[in-house]
Amino acid sequence: MCGILFFNSNTITLRVEQFEAALNLMSHRGPDSSYIWFRDPSNSKKICKYFGEVEQHSNLLIGHNRLAIFDPSSSADQPFVDSTHTKFLAYNGEFYNFKDYAVSPEQKSDGIVLFEQLRSNGPEAFDWVNGMWASIYGDLRNNKIFLSRDRYGKKPLYFFHDTRVFLAASEPKALFYLLSELGLTGSRRKVTTSGVARFFLGKLTPFPMKKYKFYESIDVIPPGQNFVLDISKNSLSHHSNVLWDELYSPEKFVFPAKDCELLELIKEDLADSIRLRLQADAKVAMMLSGGIDSSLIVGNAAQLLTKDRLNIFSAKIFYPNGQPNPDIELARETSMKLGLQLSEVEPSNQSEQSFIDLILEITKYVELPLNPQLSSIPTFLLTKEMANQGFKVCLDGIGGDEVFGGYSTSLHLSLANAHHGSAIASMFHFFDYAKHSKYSNARDFITFLKILRRYIFKRGQHNSMNKEAIEIFNSFNNDDLWASASELEKSFFIRSNLTSKTEQQKFDLSSYQIPYYTGIADNCSMANSVENRSPFLDYRLAKYLYLPHHQKNKNGIPKRMLRAAVPDNIPKRITANSEKYGLGTSFKSRVFKDKNTLELISASSFVRSFVPIDEIREQFRNENFVVQQFLALAALDEVYGLEL
């Protein structure tokens, strides 16, 4: 896992020292080694290595910070450059199945194998990579630079492109630094109204995707796509998509008719995914939340590794009333049954100011507004402790819910089908919900019938699930922000209008849950120089999105087949547990009611540019959720300086 940086221009040269300073801003992504190559002054078709020359200028540079995971020797340091100095690769990620494509069994570096495959096959080589990546592959003889990201977009690749300059990096801060050095940007980062609106509506950190970006000048290479930059013309275009039949051609995969045979297939696929992600020439840790997904991974790992190589960590989570999340007890029960020590992590300082300081620290790395009630704080604290204990790799349970249908969506499916006039399907999903929900009773059923009648008569109109969020924009004094929210609510937040669980899962994979959780996992882990791996995001598992509904849900309980696939070494209480407690925060106190929170928000010129100060105070007095969003934006403004 690493940090990469690239610069190219046909009209501007850059001092290598400036480029090096930008690369150093991402040193946490690769503290083990750092190298820069630049265009050879005597031959424009070649690059040469930088050895600290003073006042060296170039119009093409490639840099790499390395976190050594596979083959820690210097022979695997990057960027990789061929013997002719005309081809190079800067690569951030892991090629888990690289041994299947190595020319000799002695090859230990996945990056070297990938470079060989790219030189022979071009970007089509990514079609057979099982892994995660953001890569920049250069072919100077043909004036081509290929940029690629893995299918799920676990590894980030941001870029800036105008008529003069092309820049690409693992983090926006490196881009903004160089743009400032070149005089191409102001002192404050300009954000889009759609980015801010998406944060208020979706409540998740708005990692850029498709046409929705947060910073006006910064774009992102889309997941699962290869782009090509013609450096002679400074033109960027889409080259190809990374092959993914499991998601886009599900008809190629036929599931066994019998549940027992399907279960064995799922177990085999999961075990192989976990086996691949346990490979490393560095210490590996595992996150254990107490839920099904992370417990399944730990249970499988316990069957593959000896106890001395099993290291599990869990974060203590507290609800707003200070009570601990019950999942920690399940994590303890699992560790006891496996005979393993559980490292429990929580903030050493529980004060309100400590919370604010931690939000500011994490914001420095994520560079986007945080949702402090979800995974950002626990992930950051866990990986910080892992790094302190010498671990460089961690496995998590991201993707289990999205791939195997873990969210309880029966009520939403019922309403969506009613909205589309499918009364029978609507009632089917409602009864599925009623079987499991402890809140369902006769009164709820009568209410549901009234809703069903209203929805059928309103068929064809947009089904809004964000009315409360939309209403907050009425109090903002920015018409463009309100217009962006209205457009997004209709065109982007469509989940409540999807009538099948599979369609909802696909939306979560491409546009909502997975972009958020993978983005937070990458930024918060790499902030501590720890590589994050997610076995459930093995691309081969995506075919299970297309399981029939009855194999995902049974009596309203989600993840039916995945529960059955949990190894016997995991306590039965975990597989039987159908409640999703969700996350609170790692702090016991009522941090969002603290005066420090109000002071930070009120001091933000960015937040006050569209929210009247009286509205801020009113929302704070009422302890509304929007205060957390004000806080997140104020923190980002405090760290980097924002403007609409």
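Note on GLN341 and ASP594: with the Förster distance fixed at 22 Å, the Cβ-Cβ geometry gives a FRET efficiency of about 0.05. 3J(HN,Hα) along the range 421-428: x, 9, 5, 5, 4, 4, 5, 4 Hz, from the Karplus curve 6.51 cos²θ - 1.76 cosθ + 1.60 with θ = phi - 60°, whole Hz, x for Gly and Pro.
Expressed to the nearest 5 percent, the antiparallel share of DSSP beta bridges inside the chain is 80 percent. Given +1 at the Cβ of Lys and Arg, -1 at the Cβ of Asp and Glu and no other charges, the dipole of the chain around its Cα centre is 1520 debye to the nearest 20. For the chain, with all protein chains in place and a probe radius of 1.4 Å, 50% of the accessible heavy-atom surface sits on carbon or sulfur. Legend: Rg and Dmax of the chain, from Cα coordinates, 24.9, 82 Å.
Using only side-chain charges placed at the Cβ, +1 for Lys and Arg and -1 for Asp and Glu, the dipole size of the range 44-89 relative to its Cα centre rounds to 180 debye. Other residues within the sphere of radius under 15 Å centred on the Cβ of ASN388, judged by their own Cβ, net out at 0 (K and R +1, D and E -1). In this structure the amide hydrogen of PHE318, modeled in the peptide plane, comes within under 5 Å of the amide hydrogens of ASN325, GLY584, THR585, SER586, PHE587, none closer than 5 places in sequence on its chain.
The values are calculated or read from the model by the stated rules, or taken from the named source; none is laboratory data. Computed from a predicted structure; not experimentally measured. Here Cβ is always computed from backbone atoms with ideal geometry, including for glycine, and neighbour counts include all displayed protein chains. Only protein heavy atoms, including side chains, enter the accessible area calculation; ligands, DNA and RNA are left aside. Shrake-Rupley method; radii C 1.70, N 1.55, O 1.52, S 1.80 Å.
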